[in-house]
Amino acid sequence: MKAMLFDIQGGSYVDGPGVRTTLFFKGCNLNCAWCHNPEGISPHRQRMFFKDKCSGCGQCRAVCEHAPCVLCGRCAEVCPVGAKKICGREYTVEELFGRVQRDKDFYTATGGGVTCSGGECMLQIEFLEAFLRRCKEAEIHTAVDTAGHVPFAYFERILPHTDLFLYDIKALDSQLHKQLTGVDNQLILSNFEALAQLAPEKLLARVPVVPGANEGEQAEIAEYLKKRGIAAEFLPYHAMGEGKRAALGLKS
């Protein structure tokens, strides 16, 4: 059993308590207008080209043996400035656990742990369940960052192995939510309500504040969460995804 990831970031302090290792799973069933990880939307490997970094040295062309591109990654390996990148690598549970285990001293010292993010990590539920179980066997704190657009049965499967859910609430108005993300929020809010009843102590809402998008929803979202006794983080927008979209050849 393997899962496709597009990044692993150690030393994170914004994805749950303490110092954490954040695992970015590839594939998402939302398409948020402001997505800061557009390379996480497709479940497949992709090539990224950061044109502004390229020095024109030609080393990539010298080693390339394929036309069209087959994502072999040789161009990325020789690029001296990181202008080319192959996005997406498969891991087994034990391979990924071995990477996380290297940082365990940091978790112990700071109350940190591992955070599974994305993309939408819950789309790879078989792997996610097995990996979280492996982490809990090693007494590593686990967090799952999710948009919640999955069957509630998925939450039930990983609940025993998850210490914290970082749950995205992007908008309460269903029509606006669909306009901004490509899906309505009926399933998302239904899952949130069920999780809030079942394990409120494991739930932290995360609300992106996006100028020109969901700014008018913030007060209503705050009241919605307050009534349910759920803590929240309101996250300011940043434009990190724009350069990535260009590198993927996507329209901004």
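The values are calculated or read from the model by the stated rules, or taken from the named source; none is laboratory data. All of these numbers come straight from a predicted model, not from anything done at the bench. Ideal geometry is used to build each Cβ from the backbone, glycine not excepted, and the neighbour counts take in all protein chains shown. Protein only, heavy atoms only, side chains kept; ligands, DNA and RNA dropped before computing areas. Shrake-Rupley method; radii C 1.70, N 1.55, O 1.52, S 1.80 Å.
Ignoring ligands, DNA and RNA, please state the percent of accessible area on the chain from carbon and sulfur, probe 1.4 Å.
Carbon-and-sulfur percentage of accessible area, whole number: 52.
Using the heavy atoms of the protein chains alone and a 1.4 angstrom probe, what is the accessible area of the chain per residue in square angstrom?
Heavy-atom accessible area per residue stands at 50 Å².
Checking the table LYS136/LYS202; LYS136/LYS170; LYS85/LYS170; LYS51/LYS244 against a 19 Å threshold on Cα-Cα, which pairs fail?
In this structure, LYS136/LYS170; LYS85/LYS170 lie more than 19 Å apart at Cα.
What distance in nm separates the simple spin-label points at SER174 and LEU189, each placed 7 Å from Cα in the Cβ direction?
It is 0.8 nm.
In debye, nearest 20, what is the charge dipole magnitude of segment 21-121 about its Cα centre with +1 on Lys and Arg Cβ and -1 on Asp and Glu Cβ, if you could check?
Rounded to the nearest 20 debye, it is 360 debye.
Within segment 1-17, what residues put their amide N at less than 11 Å from the label point 7 Å along the Cα-to-Cβ vector of ARG89?
Under cut-off, by backbone N: 5-9.
Toward the positive end of the charge dipole of the chain, about the Cα centre and with charges on Cβ (Lys, Arg +1; Asp, Glu -1), which of ILE221, ASN191, ASN37 goes farthest?
Sorting the options by dipole projection puts first ASN37.
Would you mind calculating the relative contact order of the chain from Cα pairs under 8 angstrom and at least 6 residues apart, reporting the percent as a whole number?
22 percent
On a 0 to 90 degree scale, rounded to 10, what angle separates helix 218-227 from the longest Cα axis of the chain?
50 degrees
Using the Cα centre as the reference, give the magnitude of the dipole from point charges on the C-beta atoms of the chain (Lys, Arg: +1; Asp, Glu: -1; all else neutral), rounded to the nearest 20 debye.
880 debye
How large is ³J(HN,Hα) for each residue in segment 66-81, as worked out from phi by the Karplus curve 6.51 cos²θ - 1.76 cosθ + 1.60 (θ = phi - 60°), to whole Hz, x for Gly and Pro?
Rounded to whole hertz, the list is 10, 8, x, 4, 10, 6, 6, x, 5, 5, 5, 5, 9, 5, x, 10.
List the relative contact order of segment 168-218 as a percent without decimals, with contacts defined as Cα pairs under 8 Å and 6+ residues apart.
Once divided by the residue count of segment 168-218, the mean separation gives 46 percent.
Given a Förster distance of 30 angstrom, what is the FRET efficiency for ILE8 paired with ALA62, based on the Cβ-Cβ distance and rounded to 0.05? Before the final figure, lay out the partial values.
Values: r = 29 Å, r/R0 = 0.98.
It comes out at approximately 0.55.
Segment 66-130: which trypsin sites (Lys or Arg not before Pro) are DSSP loop and have at most 15 other beta-carbon atoms within 10 angstrom?
Here the trypsin sites (Lys or Arg not before Pro) that fit, given the DSSP loop and packing criteria, are ARG102.
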